[in-house]
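First comes the structure, then the notes that go with it.
Any read-out appearing in this document is the output of simple, stated calculations on the displayed coordinates, not a laboratory observation. All values derive from a computational prediction rather than experimental measurement. In this analysis, Cβ positions are derived from the backbone assuming ideal geometry, glycine residues included, and neighbour counts consider all displayed protein chains.
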Amino acid sequence: MTAPGLHARLTAASPAARPRVVVEFILQQLRDELGVAGDELHPRSRFESLGVDSKRALEFKELLDDELHCVLRTTLLFDYPTPESLAAYVVGVVFGDAEGAAATTAPAAGAHTAGELERGLDAGSTESAESPEDRLRRKLASYDV
């Protein structure tokens, strides 16, 4: 008999235990993928410092999509750069409180939530009939890249 998937384990866990279940899952996947000892990983270890690059981050996001039966944002591991912050966000998404999870787990420095970007665009908007896409294009054009 196979072990229950992450979604089933989360559903069976108490709300208070769910972030820990996700953290344990994340740490185990990192141990398996990166071939590191358990004592080298910590719930607050940064994915980047563990050697998780863009390709691995996307693969890990896809694994979580499959395990949780939902589609998560592509920038997930960059927006929530530790197992602890990622777990809190994921639990919020799966159980319908993504806003609450986002408020309790700050994204990485320099990362912005959709709400922050929208408020920033609104503040700089010169025309109220301008579409969100047009405002975003205008805002992005103001940056020297």
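Here is how the numbers come out for the structure above:
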read-out	value
Trypsin sites (Lys or Arg not before Pro) lying in DSSP loop within the range 46-96, provided at most 15 other Cβ fall within 10 Å	Arg46, Arg73
Gyration tensor verdict on the range 6-104 (Cα atoms; rounded if a/c is under 1.5, prolate if a/b is larger than b/c, oblate otherwise)	prolate
The range 1-101: GluC sites (Glu not before Pro) in DSSP coil with no more than 10 other Cβ atoms inside 10 Å	none
Förster radius 41 Å - calculated FRET efficiency between His42 and Lys139 (Cβ-Cβ, nearest 0.05)	0.65
